[in-house]
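The structure appears right after this line, and notes come after that.
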Amino acid sequence: MPGPEFAREENRMSLQEQRSATGVPLRALSEEDCVRLAGELGEPEFRGRQLFHWIQKRGARSFDEMGNLSKTLRGKLAETCDLGGIARVVSEKSSEDGSAKFLFEFRDGRKVESVLMPGSTADRTKMTLCVSSQVGCAVDCKFCVTGKNGFFRHMTTDEILDQALYARRWLQDRADGRILRNIVFMGMGEPLLNTGNVFAAIRLMTEGNGMDLSPRRITVSTSGILPGLAELAGCGIPVGLAISLNATTQAEREEMMPVTRRYPLDELLDACRRFPLKSGSRITFEYVLLDGVNDSPAHARRIVKLLHGIPSKVNVIPFNPDAGLPYERPPDERVEEFAQILREAHLTTSIRWSKALDVSGACGQLAGQYRQKMPDGSRLVFDRE
Ligand code: SAH
Ligand code: SF4
């Protein structure tokens with residue numbers, strides 16, 4: 001049975017619990033919550049809306065910035081509430097390719113990373129932010145540094161959201177025309193094991209009076225957590241879906257991704273077939289290419305068969321090596337050949353030549369918790385129930 005940290009349901013703390021634990025993390029509040037809070041502080045409704053606007057639209061990083069709120073109200077807020085989110089930016093590293101990697105620290109000292117990258121289109125001003133959803137990850141995929149380092153805790157709604165608020169503000173401050181356009185949940189953690197907080201953060205990101213990002217420009221990537229996928233299908237937010245496929249048979253996938261024992265490959269593909277896609281949109285299948293493991297032409301042909309009947313596109317990701325991982329990256333020509341077989345079978349295929357490799361910000365390289373110690377070395381065991 002999964003350990004307590006595995007509990008997915010009810011993992012978004014209620015307003016009341018958040019209050020008693022840390023004061024109100026204001027960044028997690030909806031506009032209605034802000035209005036309610038203003039009422040509780042004896043302020044009119046519009047003050048609540050102004051507060052929401054400062055936090056979510058303007059990306060205020062302190063109460064002092066909220067110029068049109070009275071000094072008294074700012075004082076009251078500072079006394080009774082907390083903005084929540086990122087407590088400290090430990091480092092910002094810029095990569096030669098235009099990406100930037102942020103190491104964020106939260107109030108309890110836990111750290112995660114987010115990577116800001118130029119989008120895949122020719123337009124280099126539209127940026128994509130790769131966000132984390134958990135401190136660490138319990139899924140333990142054998143090719144992933146985050147997985148290797150283990151799981152620490154879920155990220156809260158305000159922590160997830162604040163990565164985006166911070167990055168958007170960071171771009172605005174540079175005033176060089178770049179804007180935050182896309183969000184991908186491809187950083188640390190398995191978003192569909194933290195659905196409550198992830199969905200709440202997405203709702204705030206797409207709030208018209210807030211960040212106002214289009215849900216279609218937000219992509220949730222999963223290793224294939226079926227209950228979470230069902231929740232995503234039912235939650236009514238039309239975000240993009242990416243599945244980390246990575247293997248073409250049950251046995252092979254179990255080896256690389258032990259989660260497959262619990263959520264088998266055929267059931268995952270069935271869930272993809274049933275997934276309520278908006279017309280014209282497709283599921284992205286990510287496929288990390290490991291030298292001599294899953295990169296043969298036979299593997300490519302099996303992908304074509306597996307994805308038959310699913311509106312899909314494939315994103316081939318040449319493995320990003322790390323000293324602690326037992327795999328190698330295939331030569332570039334093999335990566336190209338592999339993609340070519342998929343394309344010849346009419347699968348839309350892109351190759352994710354890594355961004356931010358020089359700052360260890362590429363897929364699967366996010367550790368964040370270096371110097372964070374696992375309390376008990378625990379990791380989940382995905383046996384079938
Ligand atoms: N947990 C989610 C999202 C984060 S991982 C998931 O697994 O989908 C984001 C992507 O990085 C996944 O597609 C994963 O397969 C890929 N990835 C992990 N480790 C990698 C590595 N070392 N090299 C290249 N891609 C990797
Ligand atoms: Fe977790 Fe995704 Fe890494 Fe697997 S690939 S260990 S699910 S972060």
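The values are calculated or read from the model by the stated rules, or taken from the named source; none is laboratory data. Quick caveat: nothing in here was measured; it's all calculated off a predicted structure. Note: ideal-geometry Cβ built from the backbone for every residue, glycine included; neighbour counts use all protein chains shown. The accessibility values were calculated without ligands, DNA or RNA, using every heavy atom of the protein model including side chains. Shrake-Rupley method; radii C 1.70, N 1.55, O 1.52, S 1.80 Å.
Among Leu116, Val145, Ile341, whose Cα lies farthest out toward the positive end of the dipole of the range 88-359, if unit charges sit on the beta carbon of Lys, Arg (+1) and Asp, Glu (-1)? About the Cα centre, the residue reaching furthest to the positive side is Leu116. Look at the dipole of the range 21-82 built from charges on Cβ: of Trp54, Thr80, Val35, the Cα furthest out on the positive end belongs to Trp54. Using a probe of 1.4 angstrom and keeping all protein chains present, the accessible surface of the range 88-359 works out to 38 square angstrom per residue. Only Cα sites of the chain enter the Debye sum here, all with the same form factor; the resulting log10 I(q)/I(0) across q = 0.10 1/Å is -0.64, listed in q order.
What's the angle, to the nearest 10 degrees (0 to 90), between helix 195-205's Cα axis and the longest principal axis of the chain? Tilt relative to the chain: about 60 degrees.
Charged side chains reduced to their Cβ positions (Lys and Arg at +1, Asp and Glu at -1) give the chain a dipole of some 680 debye around its Cα centre.
Electrostatic tally near Arg174: other residues with Cβ closer than 14 Å to its Cβ, Lys and Arg +1, Asp and Glu -1, net +1.
DSSP beta bridges confined to the chain are antiparallel in about 40 percent of cases. Helix 157-174 and the longest principal axis of the C-alpha atoms of the chain enclose an angle of approximately 80°. Look at the alpha carbon pairs under 8 Å that are at least 6 residues apart: their mean separation over the length of the range 21-82 gives a relative contact order of 38 percent. Charge dipole (Cα centre; +1 on Lys/Arg Cβ, -1 on Asp/Glu Cβ; no other charges) of the range 164-217 amounts to roughly 160 debye. Working from Cα positions, state the angle (0 to 90°, nearest 10) between the long axis of helix 31-40 and the longest principal axis of the chain. That helix lies at roughly 30 degrees to the long axis. Overall shape: rounded for the range 21-82, with the ratio a/c of the largest to smallest alpha carbon gyration tensor axis below 1.5. Each Cα pair under 8 Å and six or more residues apart adds its separation to the average, and for the chain the resulting relative contact order is 17 percent. Leaving ligands, DNA and RNA out of it, report the carbon-plus-sulfur percent of the accessible area of the chain at a 1.4 Å probe. It is 49 percent, rounded to a whole number. Summing charges over neighbours of Arg58, with a neighbour being any other residue whose Cβ is under 9 Å away from its Cβ, gives +1 when K and R count +1 and D and E count -1. Rolling a 1.4 Å probe over the protein heavy atoms gives the range 21-82 an accessible area of 46 Å² per residue.
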